[in-house]
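**Student:** Here you go, one structure.
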Amino acid sequence: MSVAFKPLAPGATLGVLGGGQLGRMWVHAAQRMGFQTVVLDPDPHSPAGLVSHQHIQTDYLDPVGLQKMATTCQAVTTEFENVPADALAQLATTMQVAPNAHAVAVAQDRRLEKSHFVNCGVPVAPFAVIASDADVEAVLKRADGTSLLPGILKTARMGYDGKGQVRVRHPQELVEAFKLLGSVPCVLEKMLPLKAEYSVIVARGHDGAMVHLPIQHNVHRDGILAMTQVWAGVCDSALETQAINAAKSIAQELQYTGVLCVEFFVLEDNSLVVNEIAPRPHNSGHYSLDACDVSQFELQLRCMAGLPLTQPRLHSSAVMLNLLGDIWLEGKLGEKLGSDPDLFGTNKSGSDPNFSPNFSEVLALPGTHLHLYGKGEARKGRKMGHLTVTASTPEQAHAIANQAATILGIAAF
Ligand code: ATP
Ligand code: MG
């Protein structure tokens, strides 16, 4: 049973489960509009906890923490799909929760996720569920089983940034990969010939109204999003319409409330396949803070508070570069900081803390917007921040992004 929905005005207190960078940017959006914020995250240094009015430092399933959330907030959302769906279900008995626990449970498990896509009539990569050694044997015996090879074995739950995935070329590698992943339930997906990767972010209100951000073209390196570019014409228009319609039907069929990101593959033959969903704002939508008149974080806030949704407008061509810990550890370090590096939020681990990537040279380029998440320690592959470049043309945005990448020691795109 969930409580009846009531629109909330600025001044109300809103909460988020999870205190990472997505929570931090949501806090910024909520505070800008005059809401009070509460973050629940066990980490005392969590990026969102550091900037929120209140920070409840407990585990996501701690009954005392959840009770405190329930008594302080009028509505709650999540910024992290691995937040236990049970925590959302429990909160939903006394307050408005968006997205609903069922939608989060579907996004948390690749098996449920894929059957949801199939139910929505949206094509997925050929796959098989592998939950036991017997399933491994059975899939290899199946007439079409080895046609899933070469493939990718992905844990059904808890994967992110390419973690919990092993590429498998032949039957023996599949047997070994299943062991390596701890014999937990997995899906084996056929490796597809990708021409490009795109994502679409939709926002759906309590009343079923939907708006979307423009389609985003994503480039991954080592299984982690490296760059997103967005402008009119970044994708073939027929594919774009197909992707937006698919994203909307996936949200509609979940009776979703909030911001949902749908990741797609475009194959060599130009067909569109859905990869996965994230029940929250997404890294590929960060450009919307600087290049759209409504950001994905403001959309999340509007959905949970029942404020009107307006169709976002892209006012600039945009390229977003992810700033991974690697550039603090291995990049061209040129700048002596004039302030405490911890306050700057970019202290390097294992090397001289007085140096930072050369952000002042980057910020001298027109249309650069630097976002750092306040994480104390740089680690390889850790998302420390992002840089969005906005410009009046795609060519300019792309050229300036590559200049910035070179300064930061990121290979050009
Ligand atoms: P994230 O959390 O960063 O979105 P993830 O760990 O949930 O990633 P996926 O999105 O499933 O993992 O896969 C990561 C990347 O691996 C994809 O963006 C794509 O580049 C590649 N990939 C995944 N599945 C396939 C496939 N079936 N065929 C080809 N490439 C794939
Ligand atoms: Mg993904």
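**Student:** For the structure I just gave you, tell me whether Lys154 is part of a strand (DSSP E or B), surrounded by 18 or more Cβ atoms within 10 Å (Cβ to Cβ) and among the basic types (Lys, Arg).
**Tutor:** Numbers: part of a strand (DSSP E or B): yes; surrounded by 18 or more Cβ atoms within 10 Å (Cβ to Cβ): yes; among the basic types (Lys, Arg): yes.
In short, yes.
**Student:** Tell me yes or no: at least one residue of region 63-75 is in contact with a Leu (Cβ under 8 Å, 6 or more places away or on another chain) and of a type in the set (Ser, Thr, Tyr).
**Tutor:** Taking every residue of region 63-75 in turn, none turns out to be in contact with a Leu (Cβ under 8 Å, 6 or more places away or on another chain) and of a type in the set (Ser, Thr, Tyr).
**Student:** Same structure, new question: Please go through region 245-258 and pick out each residue that is closer than 21 Å to Gly306 by Cβ and either touching a residue at least 60 places away in the same chain (Cβ under 8 Å) or within 16 Å of ligand 2 (Cβ to nearest atom) (or both).
**Tutor:** First pass over region 245-258, keeping only residues closer than 21 Å to Gly306 by Cβ: 248, 251-252, 254-258.
Listed by number, the residues that qualify are Leu254, Gln255, Tyr256, Thr257, Gly258.
Yes or no, residue by residue, for (1) more than 18 Å from Glu240 (Cα to Cα); (2) within 16 Å of ligand 2 (Cβ to nearest atom):
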| position | (1), (2) |
| --- | --- |
| Ser271 | no, no |
| Asn275 | no, yes |
| Pro279 | yes, yes |
| His286 | yes, yes |
| Leu289 | yes, no |
| Cys303 | yes, no |
| Gln311 | no, no |
| Leu321 | yes, no |
| Ile327 | yes, no |
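**Student:** So which residues in region 54-89 are open to solvent by 50 Å² or more (accessible area, probe 1.4 Å) and hydroxyl-bearing (Ser, Thr, Tyr)?
**Tutor:** Thr71, the sole residue that qualifies.
**Student:** Being surrounded by 13 or more Cβ atoms within 10 Å (Cβ to Cβ) and either of a type outside the set (A, V, I, L, M, F, W, C) or within 10 Å of ligand 1 (Cβ to nearest atom) (or both) is the filter here, so list the residues in region 133-147 that pass it. Spell out how you get there, then give the answer.
**Tutor:** Quick first cut of region 133-147, residues surrounded by 13 or more Cβ atoms within 10 Å (Cβ to Cβ) only: 135-140, 145-146.
Passing the criteria: Asp135, Glu137, Gly145, Thr146.
**Student:** Give me a count of the residues in region 157-200 that are open to solvent by less than 20 Å² (accessible area, probe 1.4 Å), away from ligand 1 (no atom under 13 Å from the Cβ) and either within 30 Å of Gly285 (Cα to Cα) or outside any helix (DSSP H, G or I) (or both).
**Tutor:** Result for region 157-200: 1.
To keep it simple, each residue is scored yes or no on (1) more than 16 Å from ligand 1 (Cβ to nearest atom); (2) open to solvent by less than 10 Å² (accessible area, probe 1.4 Å); (3) out of contact with any helix residue (DSSP H, G or I) (no Cβ under 7 Å at 6 or more places or on another chain).
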| site | (1), (2), (3) |
| --- | --- |
| Ile244 | yes, no, yes |
| Ser249 | yes, no, yes |
| Glu253 | yes, no, no |
| Leu260 | no, yes, no |
| Val266 | no, yes, no |
| Leu272 | no, no, no |
| Gly285 | no, yes, no |
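**Student:** Which of the residues spanning region 27-86 are closer than 24 Å to Lys6 by Cα and of a type in the set (Gly, Ala, Ser)?
**Tutor:** Ala29, Ala30, Gly34, Ser52, Gly65, Ala70, Ala75, Ala85
**Student:** Let me ask something else. If we scan region 259-273, do we find a residue that is part of a helix (DSSP H, G or I), touching a Leu at 6+ places or on another chain (Cβ under 7 Å) and of a type in the set (Val, Ile, Thr)? Please lay out each step first, then the result.
**Tutor:** Within region 259-273, the first condition is being part of a helix (DSSP H, G or I), and the residues that meet it are none.
No, there is no match, as no residue in region 259-273 is part of a helix (DSSP H, G or I), touching a Leu at 6+ places or on another chain (Cβ under 7 Å) and of a type in the set (Val, Ile, Thr).
Listed here are the residues, each with its yes/no results for (1) more than 20 Å from Pro279 (Cα to Cα); (2) in contact (Cβ under 8 Å) with a residue 24 or more places away in the chain; (3) part of a loop (DSSP other than H, G, I, E, B).
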| residue | (1), (2), (3) |
| --- | --- |
| Val39 | no, yes, no |
| His45 | yes, yes, yes |
| Thr58 | yes, no, yes |
| Leu61 | no, yes, yes |
| Gly65 | yes, yes, no |
| Ala70 | yes, yes, no |
| Val76 | no, yes, no |
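**Student:** Quick one: count up the residues across region 371-412 that are surrounded by fewer than 17 Cβ atoms within 10 Å (Cβ to Cβ), modelled with pLDDT of 95 or more and more than 17 Å from Ala226 (Cβ to Cβ).
**Tutor:** The total comes to 4.
**Student:** Taking Thr58 as the residue in question, decide whether it is among the hydroxyl-bearing types (Ser, Thr, Tyr) and at pLDDT 95 or above. Can you show your working first?
**Tutor:** Values: among the hydroxyl-bearing types (Ser, Thr, Tyr): yes; at pLDDT 95 or above: yes.
The answer is yes for Thr58.
The values are calculated or read from the model by the stated rules, or taken from the named source; none is laboratory data. Small disclaimer: the values here were computed from a predicted structure and weren't measured. A quick note on method: Cβ atoms are made from the backbone with ideal geometry, for glycine too, and the neighbour counts reach across all protein chains shown. Heads up: the accessible areas ignore ligands, DNA and RNA and are worked out on the full protein's heavy atoms, side chains in. Shrake-Rupley method; radii C 1.70, N 1.55, O 1.52, S 1.80 Å.
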